[in-house]
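Contents: one structure, followed by commentary.
The values are calculated or read from the model by the stated rules, or taken from the named source; none is laboratory data. Note that the structure is a prediction, hence the values are computed from the model and not measured. Glycine gets a Cβ as well: all are built from the backbone with ideal geometry, and neighbour counts include every protein chain shown. Just the protein is used for accessible areas: all its heavy atoms, side chains included, with ligands, DNA and RNA removed. Shrake-Rupley method; radii C 1.70, N 1.55, O 1.52, S 1.80 Å.
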Amino acid sequence: MRLDKALRTARAEGRTIAVPYLMVERRRASRLKATVLALREAGATALELGFPFSDPIADGPVLEAAANRALRGGTTWADLLEAARVTSEVLPTAVMTYANPVLRHGLEAAARTLGGAGISGLIVPDLSLEESAPWRRAARAGGLSLVLLAAPGGSDERVARLARSSRGFLYLVAYYGTTGHAAEGNRVDLAPLVNAAHRAAPSLPVLVGFGIRDRASAARALSTGADGVVVGTALEEMIQRDPRPASIERWFRRIAGTPRP
Amino acid sequence: MPERYGPYGGAFVPETLVPALAELERVWKEARRDPAFRRELSRLSTTLGGRPTPLYFASRLTRRAGGAEIWLKREDLVHGGAHKFNNALGQGLLAQRMGKPRLIAETGAGQHGVATAMIGAALGLRTEVYMGEVDIDRQKPNVDRMRLLGARVIPVKSGTRTLKDAINAALRDWIANVRTTHYLIGSAVGPHPFPSIVTDFQSVIGRELRRQAVRAFGRLPDLAVACVGGGSNALGTFHPLRKTSVELLGVEAGGPAGSTGAGSLSYGRPGILHGALSYVLQDADGQVSETESISAGLDYPGVGPEHAWFRDSGRVRYTAVHDQDALRAFHWLAVDEGILPALESSHALFAAVTEARRRPKEQHIVVTLSGRGDKDLGVVLGATR
């Protein structure tokens, strides 16, 4: 199934949308399928496949280290495509990576190649709305939903514009900061932003990401009216702690099973 | 001010930074038109910074080259020992105007960190400087200076542990603290409007140079030469000259002989790094390359977007100078003129001497001596030994 359809269906049925994030890493390729199957069993709605970048400015220490490790281990674009073919058989899959790797492969060519490997969404954390027009065209031509990010500090009007331009879902960054952990005082009330997005694009799911690590943080995110959550850093930490599929399934089920209020 | 230089520039940043960049652009545009702001900038440039800097005829270096006259635009005499002061002062005043009590900066050679620390102290703004561990080791005197000036130096242990990753760390800090913090970026790089702002504040170099050249030898120089890392001293020199007939030469760090060093314009290709589209040293997947240069201030795989456009349009010629040649130029200037140049500026000096040799005595070459070399004694003595 495709990303946008899967998310809309889950939302229509009142289910919590849960999207885990996995960094592509060559030395983890052999157990990728088992991991994604476990995540699906645990209730994942879709998957974000991260392609590592040398300069991940939106990422905190855990995902930065994971990217560095993946790159040192020789992970390339070919590994991403191979992973995409595996995961998209199991869950609707979006690719998350920074602007330069996509640009280097050519916007149109990259979108086409990713689409051909089963990818149905693209998330680029350093792509602003102002720069996004050619990216949206290329994504559309390749059959990908280009997911835009909204963040604290944006006006209601800006969040509305982002929601209207985003496809698949709107990725709402939970706090001022990088992935993984909010510093004291950097959280904001997300409810007005979620509202603004829903008003502007009533059928577009809004997912909260950054700092979602357990049932409590997922519940807090859902209490804003959001439709679901993205879980990245905490999953990477979980895999480092205990990569067994049964353990991952047990752990992720707690988050994915968090009910919407 | 353009958001784009040809196809280059733009603002490729996480959404969290978009409102801050918009505010910065608005405040800067207001400030440029505000006579009070301009008076204050000019007053502090003069009384704190020591501007204008002189244009000096390097007669013995000219004799060594045996061709065109070599003149030095003495940015090494600016307060703090480099052109970095010009930009730090301007942006410091903008931070004050925005009511942001905290400055953060990245630094490679330490010169921008020192300039930011000085301005932070002078304007009463808390200052924290990100610096790669590799650079902390090779530019120790500047680390001590920043600390004595009241700034906190935060070592960057990730990635290359040089300038590139110091910028990454500063951007991450800014994303988290954007409501209270101004990111005082040190070169004409980064997302719009930073390249335009930095070039604007550095253009005092080229404006003075024009005036001084006419006064000193009756006309504009035939050639202006400046080193290019991120490229702010070069843009400060070139921007006011771009519509004249003066030939412009940018000099990148070529690293050890046989390497591509940090020559993004010479060896890179278009890419997005630190929020802008420009030339970037990168591999086939768009992963940014590690660079290598004897000079920490040029050791950067990207370059300001206006340089990318100057390169493509042919308005500026770019070349790369290897470590050993930069060291030779360092020693030439020391013994010929009694000036210790920064290793960054030594790259431009070597290229200027090479050009002077090929040109008739009637021509004039101006080199922007972007900084002084006291900070580099350890590296120079180590390399000579």
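Within the protein assembly as shown, DSSP assigns beta bridges of which about 20% are antiparallel (rounded to the nearest 5). Across segment B:161-176, coupling constants 3J(HN,Hα) worked out from phi with the 6.51/-1.76/1.60 Karplus curve, θ = phi - 60°, read 6, 10, 3, 3, 7, 5, 5, 4, 5, 5, 5, 5, 4, 5, 4, 7 Hz, and Gly and Pro carry x.
Distances between placed amide hydrogens fall under 5 Å for A:Leu172 paired with A:Ala150, A:Leu207, A:Val208, A:Gly209, all partners being 5 or more residues away or on another chain. Rolled with a 1.4 Å probe across the full set of protein chains, the surface gives B:Glu40 an accessible area near 60 Å².
With the charge dipole of segment A:3-256 set up from +1 on Lys and Arg Cβ and -1 on Asp and Glu Cβ about the Cα centre, the Cα lying farthest toward the positive end among the listed residues A:Val19, A:Ser54, A:Leu172 is that of A:Val19. Each helix, a run of at least 4 DSSP H residues, gives -39500 (n - 2.57); summed and divided by the residues of the protein assembly as shown, these come to -13500 deg cm²/dmol at 222 nm. Is segment A:3-256 rounded, prolate or oblate when judged by the Cα gyration tensor, a ≥ b ≥ c being the square roots of its eigenvalues, rounded requiring a/c under 1.5 and prolate requiring a/b larger than b/c? Rounded is the answer for segment A:3-256, as its axis ratio a/c remains below 1.5. In segment B:1-146, the inverse of the mean reciprocal separation of distinct Cα atoms equals 17.6 Å; this is its Kirkwood hydrodynamic radius. In this Cβ point-charge picture (+1 for Lys and Arg, -1 for Asp and Glu), chain B has a dipole of about 1260 debye about its Cα centre. Using a cut-off of 32 Å between Cα atoms, the listed pairs B:Lys140/B:Lys243; B:Lys29/B:Lys73; B:Lys29/B:Lys164 include B:Lys140/B:Lys243 as exceeding that distance.
Spread over its residues, the convex hull of the C-alpha atoms of segment A:1-124 is 103 Å³ per residue. Here, segment B:128-235 yields an orientationally averaged convex hull projection of 8.9 nm² when only Cα atoms define the hull. Computed with a 1.4 angstrom probe on protein heavy atoms, the A-B interface buries about 2900 square angstrom of accessible area in total. Mean silhouette area of segment A:85-137, derived from the convex hull of its C-alpha atoms and averaged over all directions, reads 3.5 nm².
When both bridge partners sit in chain B, DSSP labels roughly 30% of those beta bridges antiparallel. Compactness ratio for chain B: Cα radius of gyration over 2.2 N^0.38 Å (N = residue count) comes to 0.90. Computed over the alpha carbons of segment B:252-385, Rg followed by Dmax gives 15.6, 49 Å. Here segment B:192-234 was treated as a single set of alpha-carbon atoms; its pair distances binned every 5 Å from 0 give 5, 20, 24, 22, 14, 10, 4, 1 percent.
Each residue of segment B:329-339 was assigned a 3J(HN,Hα) from its phi angle through the Karplus curve 6.51 cos²θ - 1.76 cosθ + 1.60 (θ = phi - 60°); the sequence is 5, 4, 5, 4, 5, 4, 7, 7, 10, x, 10 Hz, with glycine and proline shown as x. Segment A:159-206 and segment B:200-246 have their alpha-carbon centroids 46 Å apart. Accessible area of A:Met1 (1.4 Å probe, protein heavy atoms only, ligands and nucleic acids ignored): about 140 Å². For peptide A:121-130, the mean count of partner chain Cβ atoms within 10 Å of a residue's Cβ comes to 5. For trypsin sites (Lys or Arg not before Pro), the sites in segment B:343-380 that DSSP calls loop and that have at most 15 other Cβ atoms within 10 Å are B:Lys361. Hey, which lysines would be in cross-link range of A:Lys33, C-alpha to C-alpha under 26 Å, not counting anything within fewer than 8 residues on its own chain? Once the sequence-local lysines are set aside, what remains near A:Lys33 is A:Lys5.
Computed from the alpha carbon atoms alone, the convex hull of the protein assembly as shown holds 142 Å³ per residue.
Remark on B:Glu106: its backbone amide H falls under 5 Å from those of B:Tyr130, B:Gly186, a criterion applied only to residues 5 or more positions apart or on other chains, H modelled at 1.01 Å from N. What the phi angles of segment B:271-281 give under the Karplus curve with 6.51, -1.76 and 1.60, with θ = phi - 60°, is a coupling list of x, 10, 9, 6, x, 9, 8, 7, 7, 9, 7 Hz, glycine and proline written as x. Ranked by the mean number of other Cβ atoms within 10 Å of their residues, highest first, the peptides A:251-261, B:133-143, B:192-202 fall in the order B:192-202, B:133-143, A:251-261.
Each Lys and Arg adds +1 at its Cβ and each Asp and Glu adds -1 at its Cβ; summed about the Cα centre, the protein assembly as shown shows a dipole of about 780 debye. The equivalent ellipsoid that matches the C-alpha gyration tensor of segment B:225-292 spans semi-axes of 24, 15, 9 angstrom, in descending order. Per-residue accessible area (protein heavy atoms, 1.4 Å probe) orders B:Val303, A:Val188 as A:Val188, B:Val303, starting from the largest.
Summarising the amide proton neighbourhood of B:Phe57: residues at separation of 5 or more, or on other chains, whose placed amide H is nearer than 5 Å comprise B:Leu72. Evaluated at 4 °C with a viscosity of 1.567 mPa s, what Stokes-Einstein diffusion coefficient in µm²/s does segment A:26-67 have when Rh comes from the Kirkwood expression over alpha-carbon pairs? Rounded to a whole number, D works out at 108 µm²/s.
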